[in-house]
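In what follows, a single structure is set out as structure tokens and then discussed.
The values are calculated or read from the model by the stated rules, or taken from the named source; none is laboratory data. Because the structure is a prediction, the values reported are computed rather than measured. Don't worry about glycine lacking a Cβ; one is built from the backbone with ideal geometry, like all the others, and counts go over all protein chains shown.
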Amino acid sequence: MSQRADPVGSARRSQPEAVQDEILAINTDARHLALQVALLVTLLASLVGVVTAFRMVRLPEPEPTAAMEGAVLG
């Protein structure tokens, strides 16, 4: 298999271990926050969809009247 060039990884490996640990800690925190935001956006979109679905409930059929019966059969 060919190895991909990883400029960030090679730059990180050239840093002292304390810096590497801090980079990994920041990335871990950012990843958790990004996942939470993504889930929140999905949840809000689904709630908007449910509210919209309830707003689109079908109206009941109008009751036929005698005048309409004559016009339909006419």
In the set T28, T42, the lone residue that is out of contact with any Ser or Thr (no Cβ under 6 Å at 6 or more places or on another chain), polar (S, T, N, Q) and modelled with pLDDT of 85 or more is T42
Taking region 5-20 and keeping residues of a type in the set (D, E) and modelled with pLDDT under 85 leaves D6
